[in-house]
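First up is the structure itself, then whatever we jot down about it.
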Number of protein chains: 2
Amino acid sequence: MNDLKIIIAGLGNVGSSLINTIEIDKVNIEKRIDRKINICGICAKNKNKKRSFSISDYKWFDDPINMIKNSKADLFIELMGYEKDISYESIKFCLENKINVITANKALLANYGNELISIAEKNKSNLLFEASVAGAIPIINVLKTLLVSNNIIKILGILNGTTNYILSKMQNDKIPFSEALSDAKNKGYVEANPDLDLKGIDSAHKLSILSSLTFKSRFSKLSNIYREGISDINIIDIDFADKFDLVIKLISTVEHNKNKLIQYVKPMMIDKNSQLGKVNGVLNGIQITSEKIGNIFLEGQGAGGYATASSIISDIYEICNKKYSPILGIDFDKLKLIENANIEDQFSSFYIRLNVLDKKGVLAEITSLFKDNNVSIETMIQNPDNFSRENDSIPLLIVTHETYLKNINNLINKIANLDNVLDKPFVIQIYKV
Amino acid sequence: MNDLKIIIAGLGNVGSSLINTIEIDKVNIEKRIDRKINICGICAKNKNKKRSFSISDYKWFDDPINMIKNSKADLFIELMGYEKDISYESIKFCLENKINVITANKALLANYGNELISIAEKNKSNLLFEASVAGAIPIINVLKTLLVSNNIIKILGILNGTTNYILSKMQNDKIPFSEALSDAKNKGYVEANPDLDLKGIDSAHKLSILSSLTFKSRFSKLSNIYREGISDINIIDIDFADKFDLVIKLISTVEHNKNKLIQYVKPMMIDKNSQLGKVNGVLNGIQITSEKIGNIFLEGQGAGGYATASSIISDIYEICNKKYSPILGIDFDKLKLIENANIEDQFSSFYIRLNVLDKKGVLAEITSLFKDNNVSIETMIQNPDNFSRENDSIPLLIVTHETYLKNINNLINKIANLDNVLDKPFVIQIYKV
């Protein structure tokens, strides 16, 4: 067997789990990939941090570029996770020098994928990223396989375990967002920058990767992917959804229609008995819809050291067992950027929560605005379960018949200006999975 | 691009859908596999049958062996589906002559896999079978990928769409087995030989393939895989399960423990809110449990022309894009047969339905037998919902505390001999998914 010379940069939970897995399962992995694994360099910010393996068993480098230059490696595994900086520089350097790269870095790919993939293909270097989306679920591999002969038309996913944990916790324990967030923080589920999870940025990074792979598009500017976070969700909303057999999930979705991508990340109410509605806690779930074979659904651990290491090793297997092929399956230089559609064209039911003063005439004022904006009301509940009142205000919960999101947005702008409506109106799309 | 010369034997629903898919999507598929597809021979039993493509576009052969000998093909796709006979002979002939083979034939693999895989590896011929298990779900590919670094300990699957359709239909429409079966027959879901579906034989074929691949074992004799079918299931059982948030599914499972395989196909009651419990209608679902990354769950269409064609094309992609590797990931000649454990050692709760005479003392007689056989009763319901009585007999439904299956079997043998118990007692294991 030939040697496979690997260098690893970034030795946090994922990097350490990767080394543990290789140490424990070396014989089996080597048999499967038909190469001898030789980790010929490791590198991280802090040499003295306590780790789950003995760093003295490996050659240490303080600087990844220095490690790459001095180790003649076949494969560089990037687990430092910077959105640019040294992650970008070291990957670029490898690709230009025909060293294969595996990375779990979704932020980097979503932001600099166009440039890096192009460099990789020019140099016939591999750039693999199974670990960047949905942890242990082999979604990249499954998509590449399905795409050979299937016209995939839609992907719907729960791609962020942290927000799914918080929403599940609010639902199960009937606690407000702030408490569920504290609990998630205590468990170590929240990133150093919580906005990445809570505002759907992490989900958008992952969605961007899935979109490009599936719909043969260059990566769109992240600012062009519509995003809403979960921090405005109230326990009232979750209770209300529950009564109608719905559940609130942070959904990432992309659909190809009329040569545009309908692509967004936002909390939506979905059928709580659907497979996606059943994805609870830190798990991730993805539903792939294809024209001829209907839905394929996958669920599994979306994060964690071993889950991510599993996907990295499946990429090592790819590199050793597969012929070189274009990174996204099709020559990147031939790909165009598919524009995003205006998501205001979405046609759906919507849930609206208003906080209104409990006065005569308020209801008439609001319902006439609905009428003026061509939004028809299906259900309206005032002050459900007699929620405790503040300042004479009460919650008013409304479900609309199907309409365009642009009608809802127009309506909400007008409602927000009413003197009798306190706080910002809160809207959630009700999505038929 | 080089030509990929393909010959196809068997032009039923799957074969025709395969040719349709290739015709429609040729440019895309060729780009992905980097070969030009040349279907240089087709063959089936009946030349004159009406088909969804024009057979005059292809070179026709009446005999597959003749086709193989006269077409210099790179790849033989076997879709005739005989358990042995010409399916076996043509595949063997190809493998011996270094012609790659793709087949959807689970019965053949389960019965003759040991011999055929050994021949394939001796000649470095490929033998791929993604299409043989779970239709469109790329389960073979996913397992091969996960197995590179994960210790898979258990697989639990709904692998037969027909029986799952029948059980879902009984559940949803509250109709007896016979009616649901007629409905499935009318829809064309039942094989010519219904026993293959109803007695779990088809599921056992598929389970056998998953077991060998996952646990690195030679194929065990099919008669050594414990099987129970679904035809004794009564609507009473389904109703009862429903009350306890359980649902009856035909489950195929294999688990590796103490160097034995615990492997069987039987109807079981499982949590109706679990992912597997939610797999309804003709869909298939599979849960893979691994030591370090927990559960991965997959669901999709388990049968149908396009679903199966999708898996065949993913095997074509494998052949064109991957280096040759052992058929089950590990050299077959080094594999041993892992013996099946005695499934009587299963420790679980059980549901028991008895049909008893409605006389004094019957209950005492039965409950004392439970005590004598160390089976403790958790719940007992006599004549639920006042089912209509026949001959003064009533149904008696019992759920036991956890115990060994051998205790249940001993108990049932004794109960069956009681004069006051009519019919054969009916038992279903309650499985914690």
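What to note about this one:
- Two-decimal log10 I(q)/I(0) for chain A, as the Debye equation yields it once each C-alpha is a single scatterer, q = 0.10 Å⁻¹: -0.74
- Modelled FRET efficiency - R0 41 Å, residue A:62 with residue B:38, Cβ distances, 0.05 increments: 0.15
- ³J(HN,Hα), Karplus 6.51/-1.76/1.60, whole Hz, each residue of region B:69-81, x for Gly, Pro: 5, 10, 10, 6, 6, 8, 8, 10, 10, 9, 10, 7, x
- Using θ = phi - 60° and Karplus 6.51 cos²θ - 1.76 cosθ + 1.60, couplings along region B:412-417 (whole Hz; Gly, Pro as x): 5, 4, 6, 4, 4, 7
- Length-normalised contact order for chain A - Cα pairs under 8 Å, 6+ apart - percent: 16
- Check: region A:344-430 dipole with +1 on Lys, Arg Cβ and -1 on Asp, Glu Cβ, in debye: 100
- Overall, region A:80-130 carries a charge dipole of about 140 debye about its Cα centre when +1 sits on the Cβ of Lys and Arg and -1 on the Cβ of Asp and Glu, all other atoms neutral.
- Here the dipole of chain B is about 1300 debye; that uses its Cα centre as origin and unit charges on the Cβ of Lys and Arg (positive) and Asp and Glu (negative).
- Between this copy and the others, label points of residue B:401 are 5.9 nm apart in ascending order, each placed 7 angstrom from Cα in the Cβ direction.
- Efficiency of FRET between residue A:89 and residue A:424 - r from beta-carbon atoms, R0 35 angstrom, step 0.05: 0.25
- Intensity falloff of region A:344-430 expressed as log10 I(q)/I(0), Debye formula with alpha-carbon point scatterers, at q = 0.12, 0.23 Å⁻¹: -0.32, -1.16
- With each label modelled as a point 7 angstrom along the Cα→C-beta vector, the residue B:371-residue A:367 pair spans 6.7 nm.
- Two-decimal ratio, region B:2-128, of alpha-carbon radius of gyration to 2.2 N^0.38 Å: 1.01
- Per-residue shielding of A:309-317, expressed as the average number of other chain Cβ atoms within 10 Å of the residue Cβ, stands at 5.
- Estimated distance in nm for a label pair at residue A:404 and residue B:172, the labels positioned 7 Å out from Cα along Cα-to-Cβ: 3.5
- One chain, two ends: residue A:239 and residue A:336. Fully extended at 0.36 nm per residue, the span grows by 30.5 nm beyond their Cα-Cα distance.
- Taking other Cβ atoms within 10 Å as a rough exposure proxy, A:21, A:145 sort from fewest to most as A:21, A:145.
- Residue A:227 long-range amide H proximity, modeled H, under 5 Å: A:265
- Only one residue of A:103, A:379, B:205 has its Cα farthest out toward the positive end of the dipole of the protein assembly as shown, where Lys and Arg carry +1 and Asp and Glu -1 on Cβ, and that residue is A:103.
- Each of B:8, A:29 was scored by other Cβ atoms within 10 Å of its Cβ. Listed from fewest to most, they are A:29, B:8.
- Size of region B:47-112 from its Cα atoms: along the principal axes, largest to smallest, the extents are 34, 24, 16 Å.
- Computed [θ] at 222 nm, helices only, for chain B once each DSSP H run of length n ≥ 4 contributes -39500 (n - 2.57): -11000 deg cm²/dmol
- Over region A:2-128, relative contact order from alpha-carbon pairs under 8 Å, at least 6 apart, %: 25
- Cβ-vector label at 7 Å, residue B:172, separations to other copies in nm: 2.9
- Oblate is the label for region B:162-271, because the ratio a/c of its alpha-carbon gyration tensor axes (a ≥ b ≥ c) is 1.5 or higher and a/b is not greater than b/c.
- Hz values of 3J(HN,Hα) by residue in region B:350-360 - Karplus curve (6.51, -1.76, 1.60), Gly and Pro given as x: 9, 9, 10, 10, 10, 10, 10, 6, 8, 10, 4
- Amide H within-cut-off set for residue A:261, under 5 Å, with H built and near neighbours excluded: A:339, A:340, A:341
- Gain in span if fully extended, residue A:3 to residue A:46, counting 0.36 nm per residue against the direct Cα distance: 12.6 nm
- Annotation: extensible slack from residue A:97 through residue A:382 equals 96.1 nm (criterion: 0.36 nm per residue apart, minus Cα-Cα distance).
- Residues whose placed amide H lies under 5 Å from that of residue B:272, excluding near-sequence neighbours: B:246, B:247
- Applying 1/(1 + (r/R0)^6) with R0 = 56 Å to the Cβ-Cβ distance of residue B:357 and residue B:273 gives a FRET efficiency near 0.90.
- Taking other Cβ atoms within 10 Å as a rough exposure proxy, A:96, A:299 sort from fewest to most as A:96, A:299.
- A label point on residue A:377, set 7 Å along the Cα-to-Cβ line, lies at 5.6 nm from each of its counterparts in the other copies, closest listed first.
Where a number appears in this text, it was derived from the coordinates with a stated rule and is not lab data. Since the structure is predicted, the reported quantities are computational estimates derived from the model, not experimental observations. Quick reminder, even Gly has a Cβ in these numbers, built from the backbone with ideal geometry, and neighbours come from all protein chains shown.
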